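Worksheet: the structure to be examined is printed underneath.
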Amino acid sequence: MSIEKALLVPANPFKYKEMGDVEFHKAHLNRNGGVFWDLIPMGRRDAPWKHPEIKSGYFYISKVQVVEYWMSIECIKRWKEVDLGEVERYIPEPRKAYLQSDPQTKTYYAILIKDIRHLNREHKHKLNEFTLASSNQKVERVQNYAIVVDPGWR
């Protein structure tokens, strides 16, 4: 029996302003039908995304140390594998600016998100409520991202 996997992504709007602000991205998604967020690969390696089966994820708001949002993922690829002209409307302005100015970002993973939902107040969760898919250990911290067993919270 295979487990459903999800992505656990840290968000820090207090340090990175719009780039780390889930509500900013949710507003962009509502206007444009989708939005891109990106992830720095583990070890900053330039490697293809190896988990195409992952179609949902959660945002961990690092400042308040709680998971507050669920997301529906259409696809994850390296930016260099994405035709930027084809998906331009999904890329928020602050992300466009650094994609154009920093060549390193082309190796980052681009997540095309098609839905972001705020979890109900009583459904906000701590990191240790998530289990790593690879080791079955509780999540203690998440820096770039973590692949977890999807608990099915929506």
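Here, each number is a calculation from the coordinates, and none is a lab measurement. Keep in mind that this is a model prediction, so the values were computed, not measured. In this analysis, Cβ positions are derived from the backbone assuming ideal geometry, glycine residues included, and neighbour counts consider all displayed protein chains.
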| remark: Between Ile40 and His123, the FRET efficiency computed from the C-beta separation at R0 = 22 Å comes out, to the nearest 0.05, as 0.20
| Counting pairs of alpha carbon atoms under 8 Å apart in space and at least six apart in sequence, what relative contact order in percent does the chain give? | 33 percent
| Tell me, what ³J(HN,Hα) does each residue in the stretch 2-16 have, in order and in whole Hz, if you take phi through Karplus 6.51 cos²θ - 1.76 cosθ + 1.60 with θ = phi - 60° and put x for Gly and Pro? | 8, 9, 7, 9, 9, 9, 10, 10, x, 10, 9, x, 7, 9, 10
| query | From the backbone phi of the stretch 22-29, what are the Karplus-calculated ³J(HN,Hα) couplings (6.51 cos²θ - 1.76 cosθ + 1.60, θ = phi - 60°) in whole Hz, Gly and Pro given as x? | reply | 5, 4, 4, 5, 5, 5, 4, 4
| query | Short version: ³J(HN,Hα) in whole Hz for each residue of the stretch 91-104, in order, from phi by Karplus 6.51 cos²θ - 1.76 cosθ + 1.60 (θ = phi - 60°), x for Gly and Pro, what are they? | reply | 9, x, 3, x, 6, 4, 4, 7, 5, 7, 9, 10, x, 4
| Asp115's amide H: which non-local residues (gap 5+, or another chain) put their own amide H closer than 5 Å, with H modeled 1.01 Å from N in plane and none for Pro or chain starts? | Ser72
